[in-house]
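The values are calculated or read from the model by the stated rules, or taken from the named source; none is laboratory data. The structure displayed is predicted, hence computed values, not measured ones. Every residue, glycine among them, receives a Cβ derived from its backbone with ideal geometry; neighbour counts consider all protein chains shown. Note: areas computed on protein heavy atoms with side chains; ligands, DNA, RNA excluded. Shrake-Rupley method; radii C 1.70, N 1.55, O 1.52, S 1.80 Å.
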Amino acid sequence: MQQALTPCPPWLYADAQRLLNAADQKRLHHALLITGIDGIGKQVFCAWLAEALLCSNRTLKGACGECPACRQVLADAHPDFRKIEPEGANGGIKIDSVRSLVDWLQLTSGQDSYRVALMSSANGLNRHSANSLLKTLEEPADNAVLILGAARIGALPATVRSRCQKITLRMGDQEAAVNWLAQYSSEPLQVLMAAGGGPYAAVRSLNEAEVEARKLLAQAWTDLFLHKGSVGRIADSIAKLESGFCLAMFAKWCVLAAKQGHHVPVEHHETVIQLLKDTQNRLNSEQWFSLYDRLLQLHRSDSASFKTQTVLEGFFADTRLIINGKT
Ligand SMILES: [Zn+2]
């Protein structure tokens, strides 16, 4: 069951308004083919539009979230709404699913509202399943709307493309996108640009970067505690990471390591579980907590204005002294 209706990505409001205006004036095309650059928000937009069209009390922002139709959508039980998602490892859309969708679309809606079919990953259509759509595209039933989302329009058969209204989502409000991205990154504009301009692509790249960063950090931590290499070399290996991120991760690991004799909860990343296994017994609880305090102090002392290397090399040297029992 869905928890909440889909919000419209704020940088797509202009595209959203145009489509809702067309719907209000009963001149919405019966088959919309939604495309746009990687990460602009095609799938989210398709879902938002479907929900907005089904709502019996929609505003310019989309579905109200409260009317009986919206509650049916939330309960995954709206009689005039169907969605088809790719299945299986190759992400294909089955011809039987398309046929049953087409039959369903030909029925007329019981209400004055739209009957909406959503296929936000239409690139999963193969030639045969795409051809089964043609009937609906050529002889649309009253009030039926088919919403297709596709990353690669050129990969769809021309027979399908030519019968749809193509809508290319555009970055309509970069400031809104940057504000939205600020919840994930302290450098939202740079991240957005590096990802090619698609906000969702930017979030994806951040996640990948974070996984990579955590691996580097885990290696540095293990090397530090198992005496593999000099503190200078270890600090060097994580020099490109942001110092605040390093300090926060280390602090988290110290707290976990201090809980000696306790199993590390399984929800932690496997990299973290492994590094704790390898290093937890190097210090006792008290020592782990004193390292933790030290990390907090570094965090507070505006360490962000210093190079990661400088901040961490001192910390690493002190930690080695503690491991060697010299403090
Ligand atoms: Zn509603």
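Summary table
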read-out: Criterion (out of contact with any Cys (no Cβ under 8 Å at 6 or more places or on another chain), open to solvent by less than 10 Å² (accessible area, probe 1.4 Å) and not in a strand (DSSP E or B)) met by exactly one of 46, 70; value: 46
read-out: Single match in 106, 17 (criterion: modelled with pLDDT under 95 and surrounded by 12 or more Cβ atoms within 10 Å (Cβ to Cβ)); value: 106
read-out: Matching residues, region 173-197, being assigned to a loop (DSSP other than H, G, I, E, B) and open to solvent by less than 60 Å² (accessible area, probe 1.4 Å); value: 182, 185, 195, 196, 197
read-out: Among the residues listed as 70, 64, 55, the single one being within 13 Å of the ligand (Cβ to nearest atom) and touching a residue at least 60 places away in the same chain (Cβ under 8 Å); value: 70
read-out: Residue within region 206-223 that is touching a residue at least 40 places away in the same chain (Cβ under 8 Å), on the phi < 0 side of the Ramachandran plot, open to solvent by 10 Å² or more (accessible area, probe 1.4 Å) and hydrophobic (A, V, I, L, M, F, W, C) present; value: no
read-out: Enumeration of residues in region 132-169 that are part of a strand (DSSP E or B) and either open to solvent by 10 Å² or more (accessible area, probe 1.4 Å) or out of contact with any strand residue (DSSP E or B) (no Cβ under 6 Å at 6 or more places or on another chain) (or both); value: 144, 165, 166, 167, 168
read-out: Count of residues meeting criterion [among the charged types (D, E, K, R), in contact with a helix residue (DSSP H, G or I) (Cβ under 8 Å, 6 or more places away or on another chain) and modelled with pLDDT of 95 or more] in region 171-216; value: 1
read-out: Hits in region 77-104 - residues which are under 22 Å from the mean Cα position of the chain (by Cα) and either outside any strand (DSSP E or B) or not assigned by TED's automatic domain parsing to the domain that holds residue 131 (or both); value: 84, 85, 86, 88, 89, 90, 91
read-out: Single match in 25, 17 (criterion: in the same structural domain as residue 168 (by TED's automatic domain parsing) and more than 21 Å from residue 140 (Cβ to Cβ)); value: 17
read-out: Inter-residue pairs, beta-carbon under 7 Å, first at pLDDT 90 or above and in region 77-101, second acidic (Asp, Glu), 6+ apart; value: none
